[in-house]
Amino acid sequence: MYNDIYITLSPEEGAEILQKWVEEQGNFIRKIGKDVIDNYIINIGEGKRVIVVVIEYYTWRNMNKMTATVVFDNVTKNTKIHITVGGGSQSVISNYDYGAGNSLEEKLKSLFKIYEVKEMR
């Protein structure tokens, strides 16, 4: 799908919401299935920055690990979020993820739905 979304929050606030989702309590089995494996901040200057967060996510649907790279940047008026999901099947013959990639991307986008705005350059 790879549609970028725009939010009214700063990149730091967006990354904080993502971090809280990864750390959220509740079902223990779901908690052990996700982790932030890298976090990188690029300061462009004049208050502009890019934050890259890489998440590892265990999918119970196909019993494999996936990664999601979430990029927050405030180069334009509103913060842009770009999400890329990879992984799924580790089979040499097939790499079908049974919809887990789209599901993870939609789950991540839903975290920011209440802050979403149409792109304003």
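Couple of notes before you dig in:
- Computed over protein heavy atoms with a 1.4 angstrom probe, the accessible surface ordering of Tyr58, Tyr6, largest first, is Tyr58, Tyr6.
- Across Lys34/Lys118; Lys34/Lys109; Lys48/Lys109; Lys80/Lys113, pairs whose alpha-carbon gap is larger than 24 Å: Lys34/Lys118
The values are calculated or read from the model by the stated rules, or taken from the named source; none is laboratory data. Just so you know, these numbers come straight off a predicted model, no measurement behind them. Side chains are part of the model used for accessible areas, which takes the heavy atoms of the whole protein and leaves out ligands, DNA and RNA. Shrake-Rupley method; radii C 1.70, N 1.55, O 1.52, S 1.80 Å.
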